[in-house]
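Please read the structure below before turning to the comments.
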Amino acid sequence: MPEIRRHYFLEEYCIIAAERNKRPSDFLVAKAVPGDEKDCPFCPGHEDRTPPTIAAYTDDGILLQDETGSDLWQIRVFLNAYPTMIPRPEPPAAEWISLPGQGYHEVIVDSRDHRKNPRDFGKKHLEMLVSAYTDRYRRYSTHEDVKYITIFKNWGKESGASLSHSHSQLITLPFLPPQMKREEEAISRSSFCPYCNIVDRESASCRLVAENNHWILFAPFYSLMPYETWILPKRHLGNLADLRDEEQKSLASMLAEILRILYSTLDDPPYNLMIFQLPKEYHFNIRIQPIVSRIAGFERSSGIYVNPVPPELAAAELRNFCLPPKD
Ligand SMILES: [Zn+2]
Ligand SMILES: [Zn+2]
């Protein structure tokens, strides 16, 4: 029976339509074949094929600009050669409403290894990645002209990743996206944080997949995509810069867990991993959407997603691959 579900606290809906009990094997998508290393601009030794390095992260911290040789970096950041936003755009021709596409668009090459799957990053490397994300967030969070910072990772061709070498991206916008504005307004109108309420209720629900001292991982009641999961901090905090050291580390553990579980359940699916955060009055969250079903005419014409896998079933499948919690 199809079921219309309302978003936890916004006037938005999705349809959970489990016509039959689909299994993860019904959602297997052709895997991307890694392209050739020798043509890859993200590989070590090819730094001159991209814009200059802005930051490089190693086991020993951030490297200075003049130390960023090929041998040293584990994670390398530079401005996107084909950016969505640019720092100093020309004013657009005045027609309807249009603003200059002012902002910053960074590529964060998150592994030296051309063929490394993120599920094999290991906890130490994911800790470095979380602290690199935090460092990039901090860098733009005080900019006058930056109203929103999105950090995301597209894995696999179907997710929109144009190159197979694992990477993340950061894009800043000169305005707050409407979805975030609606969330911010709903949170400020509410006498309590709706996300803290989600943490309380989903921690005790059949949709919980895993938890550790600081984070919960669950298939949300309001799931747009099959096997969608969210990671929420148990403590109310707005953004990466608010994380304590131990919270950063246990976030890396939780990311390791979900990447491993998704790989096992759906055989290395393409996915979008998206970090939602605001400077204040928000509850940090990460949403991971495997790209295993198509967005078609109904979704585009109504703005309402149809999800053929109830999150309650998705959570049960995902839990099958969980390891017992360690921290
Ligand atoms: Zn490469
Ligand atoms: Zn909260």
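Worth pointing out:
- For segment 235-251, a residue qualifies if it is outside any helix (DSSP H, G or I) and in contact with a helix residue (DSSP H, G or I) (Cβ under 6 Å, 6 or more places away or on another chain), and exactly one does: 236.
- Tabulated pairs, segment 183-200, first of a type in the set (Phe, Trp, Tyr), second not in a loop (DSSP other than H, G, I, E, B), C-beta under 6 angstrom, 6+ apart or interchain: none
- One residue from 42, 9, 78, 27 being within 16 Å of ligand 2 (Cβ to nearest atom), of a type in the set (A, V, I, L, M, F, W, C) and within 23 Å of the chain's Cα centre (by Cα): 9
- Within segment 212-234, restricting attention to residues that are in a strand (DSSP E or B) and either of a type in the set (Ser, Thr, Tyr) or more than 16 Å from ligand 2 (Cβ to nearest atom) (or both), the residue that is nearest to residue 6 (Cα to Cα) is 229.
- Condition check for residue 180: under 19 Å from residue 255 (Cα atoms) and surrounded by 18 or more Cβ atoms within 10 Å (Cβ to Cβ): no
- For segment 198-223, a residue qualifies if it is surrounded by fewer than 23 Cβ atoms within 10 Å (Cβ to Cβ), touching a helix residue (DSSP H, G or I) at 6+ places or on another chain (Cβ under 8 Å) and polar (S, T, N, Q), and the qualifying residues are 212, 213.
- Scope segment 12-24; condition at pLDDT 95 or above and either within 16 Å of ligand 2 (Cβ to nearest atom) or not acidic (Asp, Glu) (or both); matching residues: 13, 14, 15, 16
- Cβ-Cβ under 6 Å pairs, at least 6 apart or on other chains, segment 246-268 side farther than 15 Å from residue 129 by Cα, far side charged (D, E, K, R): 260/119; 263/119; 265/317; 268/31
- Qualifying residue in segment 86-104 (condition: among the β-branched types (Val, Ile, Thr), modelled with pLDDT under 90, in a strand (DSSP E or B) and more than 14 Å from ligand 1 (Cβ to nearest atom)): no
- Residue 206 vs. criteria near ligand 2 (Cβ under 9 Å from one of its atoms) and in contact (Cβ under 8 Å) with a residue 40 or more places away in the chain: no
- Cβ-Cβ distances below 8 Å connect the following pairs, each with a first residue in segment 213-240 that is more than 17 Å from residue 131 (Cα to Cα) and among the β-branched types (Val, Ile, Thr), a second residue that is assigned to a loop (DSSP other than H, G, I, E, B) and within 12 Å of ligand 2 (Cβ to nearest atom), and a separation of six or more residues or different chains: 216/234.
- Of the residues examined, residue 215 is not one that is within 16 Å of ligand 1 (Cβ to nearest atom), within 30 Å of residue 26 (Cβ to Cβ) and under 17 Å from the mean Cα position of the chain (by Cα).
- Contact map, segment 34-46: residues that are more than 20 Å from residue 158 (Cα to Cα) paired with residues that are within 7 Å of ligand 1 (Cβ to nearest atom) and part of a helix (DSSP H, G or I), Cβ distance under 6 Å, separation 6+ or inter-chain. Pairs shown: 43/37.
- Test: residue 141 is under 24 Å from residue 110 (Cα atoms), away from ligand 2 (no atom under 16 Å from the Cβ) and buried (at least 18 other Cβ atoms within 10 Å of the Cβ): no
- Any hit, segment 175-182, residues being farther than 29 Å from residue 132 by Cβ, touching a residue at least 24 places away in the same chain (Cβ under 8 Å) and within 16 Å of ligand 2 (Cβ to nearest atom): no
- Selection over segment 261-279 of residues that are among the β-branched types (Val, Ile, Thr) and assigned to a helix (DSSP H, G or I) gives a count of 2.
- Among the residues of segment 34-55, those identified as of a type in the set (A, V, I, L, M, F, W, C) and away from ligand 1 (no atom under 13 Å from the Cβ) are 54, 55.
- Of all the listed residues (312, 257), the sole one being assigned to a helix (DSSP H, G or I), surrounded by 21 or more Cβ atoms within 10 Å (Cβ to Cβ) and out of contact with any Ser or Thr (no Cβ under 6 Å at 6 or more places or on another chain) is 257.
The values are calculated or read from the model by the stated rules, or taken from the named source; none is laboratory data. Not measured: the values here are computed from a predicted model. A quick note on method: Cβ atoms are made from the backbone with ideal geometry, for glycine too, and the neighbour counts reach across all protein chains shown.
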